[in-house]
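Okay, structure first, notes after.
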Amino acid sequence: MTRITAFVFIMAGLAACEPIPGGTATGNLPPLPEEVIAAADPRFVGTARLLEDGCYWHVHENVVESTFLPLRTPDGRPICAVTAEERAARAAAEAAAAAEAAGDAS
């Protein structure tokens, strides 16, 4: 009975894990722009990719899990293809479009 219980808990724990979007850390990643490579901390460019938020992220792997961390310059600044102002403008435009669509539906 103890082995069955342990098996159930292990399977439940594994089922909670989510795969990293875009494949594995060593999969086929699109090449980074030269500006990003020049600005980034060189230890992390091998697994870096551009995500939906407009910023570059790299995969940090350890024994327990793999997770995304922001790709940063050696002095700690995050590297983004889209500025915070552009992201705010996009969010405002999307919210306005959603509000307009909700108003048209009523």
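Derivation of every value follows stated rules applied to the coordinates shown; laboratory data play no part. All values derive from a computational prediction rather than experimental measurement. Please note: Cβ atoms are built from the backbone with ideal geometry, for glycine as well, and neighbour counts cover all protein chains shown.
Any idea what Rg and Dmax come out to for the range 41-103 if you just take the C-alpha atoms, in Å?
When restricted to the Cα atoms of the range 41-103, Rg and Dmax are 15.8, 50 Å.
Within 10 Å, count the other beta carbons around each residue, average over each peptide in 71-77, 92-98, 44-50, and list them highest first.
Ranking, from highest mean packing down: 44-50, 71-77, 92-98.
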